[in-house]
1. Can you tell me how much longer the chain between Val10 and His71 gets when fully stretched, taken as 0.36 nm per residue apart minus their C-alpha distance, in nm with one decimal?
2. Points 7 angstrom from Cα along the Cβ direction at Ser78 and Leu19: gap in nanometres?
3. Order the peptides 61-72, 3-14, 45-56 from the highest to the lowest mean number of other Cβ atoms within 10 Å of their residues.
4. Under the Karplus relation 6.51 cos²θ - 1.76 cosθ + 1.60, θ = phi - 60°, what is the ordered set of whole-Hz ³J(HN,Hα) values for segment 61-66, x standing for Gly and Pro?
Amino acid sequence: MDMANYLQFVLALVFVLALIGVLAVLARRLGVGGLAAASSAGRGRRLAVVEVRTLDARRRLVLIRRDDVEHLVILGPSSELLVERGIPAAPEDVTRIPGHAAGERR
């Protein structure tokens, strides 16, 4: 093999690794592969994940609904932290806009 073949192999390898990196970043930003917000499709269910927000690379802020009460929890790789409990649940017919909480200022 001559030098041109080696260069072509190295460039193809770099391209594939860069493509994997770009797809990993897109997947992380879109929330694919991590905790996903579950919808309460079944009316008989008592437990649901209302919303999930990424705090940093290792921690997530999760709003969990149990019956008609919500709990705010921080989940990490080695620990869980209850931030607030007993939050009255919002009515289900209220449309939530992702990224905008009630009373949030921009």
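Every number in this text was worked out from the coordinates using simple rules, so none of it is lab data. Being a predicted model, the structure only gives us computed values, none of them experimental. Virtual Cβ from ideal backbone geometry, glycine too; neighbours counted across all protein chains shown.
1. 16.9 nm
2. Going from the Ser78 label point to the Leu19 one covers 3.8 nm.
3. Numbers: 61-72: 15.7, 3-14: 9.7, 45-56: 13.7.
Most protected by this proxy first, the peptides run 61-72, 45-56, 3-14.
4. Working through the residues one at a time gives 9, 10, 9, 10, 10, 10 Hz.
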